[in-house]
1. What tally of residues in segment 220-241 results from selecting those that are under 24 Å from PRO259 (Cα atoms) and surrounded by 19 or more Cβ atoms within 10 Å (Cβ to Cβ)?
2. For segment 160-194, enumerate the residues that are touching a strand residue (DSSP E or B) at 6+ places or on another chain (Cβ under 6 Å), open to solvent by less than 10 Å² (accessible area, probe 1.4 Å) and closer than 30 Å to GLU309 by Cβ.
3. Conditions: (1) more than 30 Å from PHE302 (Cα to Cα); (2) in a helix (DSSP H, G or I). GLY434 meets all but one. Number of the miss?
4. Is it true that some residue in segment 259-281 is touching a helix residue (DSSP H, G or I) at 6+ places or on another chain (Cβ under 9 Å) and on the phi > 0 side of the Ramachandran plot?
5. Give the residue, chosen from ILE458, ILE501, that is open to solvent by 40 Å² or more (accessible area, probe 1.4 Å), closer than 19 Å to ASP592 by Cβ and over 30 Å from the mean Cα position of the chain (by Cα).
6. ILE349 versus (1) of a type in the set (A, V, I, L, M, F, W, C); (2) under 26 Å from the mean Cα position of the chain (by Cα); (3) not in a helix (DSSP H, G or I): which is the lone unmet condition?
7. Filtering segment 504-513 down to residues that are open to solvent by less than 40 Å² (accessible area, probe 1.4 Å) and at pLDDT below 95, which residue is nearest to LYS462 (Cα to Cα)?
8. Which of the residues belonging to segment 245-272 are modelled with pLDDT under 95, closer than 24 Å to GLY199 by Cβ and in a loop (DSSP other than H, G, I, E, B)?
Amino acid sequence: MRVGYREVRVWSLFGLVVLLTMMAGLALAACSSAAEPVIQEKIVEVEKEVVVEKEVVKTVEVPGETVVIEKEVVKEVEVPGETVVVEKEVIKEVVREVMIEPKATPEPLRMDASKFGYLMAAVESNITRGGVVRTAGPVEMAHWDLHQGAPAYTGITNMYNNLTYRNVGEGQRDIVPDLATGWEVSNDGLTYTFTLREGVEWHDGVGFTALDVIATFDRIMDPPEGVITGSIKQSFEPVEEVRLLDTYKVAFDLVRPTPWFVNVLGAAPHFGYPVMYPKHFLDLHNQNVRENLPPGTGAFIFQERVPGEHLALEANTNYWNPDLPYVDGIKALHIPVWANRGAAVLTGIVDFTWNGNQETWARAMAQPDMFHGSNPPINGTSPMWTNNSKAPLDDVRIRRAIHIGLDKKFDLEVAGAIALPNYKARWITKAVPGHMSDEEILQLPGWREDPEGRAADIAEAKRLMAEAGYADGFHIKAVGNNTPAGGEVRGVSWLQQAEDILGITSDLEIIERGIEGEILVDGEWHVAFVTGTGSDVADPTAQWNGIFRCDADGNYYRYCNPEFDKLLDQLLVEFDPDERVKLLHQAMDMLDENPPGYQAGGGSGLPMGGVHVRGIMIEDLGGYPWGRYETVWLDR
């Protein structure tokens, strides 16, 4: 909705109608009573142009729409003598308003015709088949259901397919067909039609059809009682309806053009992975598959899981992509600590990991004849999870005091030393057009590092605490996962800062990383040091819409700022690059003043592996991984 002032010309025709009715009394006592007033009839026409400045407060959906407003104003005017003039004005306003449209039309991701029916493959020639690829990462999970927040980084996603997916064999630089063979987009960008692969079978032998796609998205968008899909539902907020067109064709109707929609379908997030599930299995288990592992259509089939040790998958010899997989299986070892993952690569215990830490990664990169890796950006930044529904964090003054009072430089140094590289980021990553330079960020309250600036920030934080009634601090409950980057090191460091600077004391509970999705949902904490959120597109709009919008299903901050929601509404429809930069800077200003939580920076990944690990371009990744890797092969 646009609200503003415009100059509107109003032509008014004043038809002055004077109705005079004369009634005379009987002239029987002329000297005993005063004469009755004489009512005259008089017609006067006046035409004039009036310029009116009015506030436009409604959305006009039709360019050039004409709105005609009629109003009648009645006045009584006393005229000296015996005449009363009754003046009636009929004002006809003709108001012409033109809808303000975006300066640029959003261009959806249209499919390259040459990619129709595309089958992923490794880019190398002379591929060696066979062997079991060993990986290191956290593989614990509280349940099996990826739609209900089971962590995708366990490796379990290799059992499944999306409709589209990132091109694993080419460094994840492009979105290609997966269970769809291709897609078409309507001219207005509101309808995406997907043609599906024929001959695909679920791991239990049942054929895949469009009914499975409909069942999957019905469950995501309208989950039955007991099924909580908040971690994925908000990603598909633009979807108005998913329609069955025939056995192998579906259409998605959107409420507004969403250029990154195909990217969302092919996403690989930590939580809320949009894999397809089989309708027959969902129906059999009353839509809840937390305790019952659904069969997939993917390149690997479940073999075994030993809690706390490993997840084992074997090759699907009936995979719909006949060239894949190249390896005989996957053994994902449960190694939750970044440094230990990197050490497992260096010592040959595993073949690769999606994340080492800075020290082990640097050692590997210093031996290019034995190891390779890369440092891809992580799209999306998010503050530490802060529960805005828990007092006193429900007070914006307290959240702002924490946001500006703690030492961000120290916090980033701690985070970088124990896990991944971190950099200064004011709510958006350096991949977003219009991001601020370090020099610009360092001028802002909360990010200043010079002694005078830090002293001013701490003083303002303490003033806000006192104003909110907590001059001496308060006590909070904190939870953190069992990793150094979670609760074990960074969480302890952050909480110590909060106590030393602002008097905020705490109790910290360490949890298994595999259940952190459950913890975010239950909300029985003040702050949580668990896995942050990422995005499959650099632009933050989709991510913000999912985690900061009032009542969004993925809003585990329990944050609500109606003014920020209005700004999000503008970002969802404004695609002019210059205007978007202005809106993003407004958004950052708003988030600084009314922060969902504490924000310090962004990060990047550190995938690393032996040089014999081929097929996934681990040495030159174009995006942050943690997804499938069915194109991997071992050059031994």
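The values are calculated or read from the model by the stated rules, or taken from the named source; none is laboratory data. Not measured: the values here are computed from a predicted model. Ideal geometry is used to build each Cβ from the backbone, glycine not excepted, and the neighbour counts take in all protein chains shown. We work out accessible area using only protein heavy atoms, side chains counted, and drop any ligands, DNA or RNA first. Shrake-Rupley method; radii C 1.70, N 1.55, O 1.52, S 1.80 Å.
1. 12
2. none
3. (2)
4. Yes: segment 259-281 contains one or more residues that are touching a helix residue (DSSP H, G or I) at 6+ places or on another chain (Cβ under 9 Å) and on the phi > 0 side of the Ramachandran plot.
5. Sole residue among the options that is open to solvent by 40 Å² or more (accessible area, probe 1.4 Å), closer than 19 Å to ASP592 by Cβ and over 30 Å from the mean Cα position of the chain (by Cα): ILE458.
6. (2)
7. That would be ILE511.
8. GLY266
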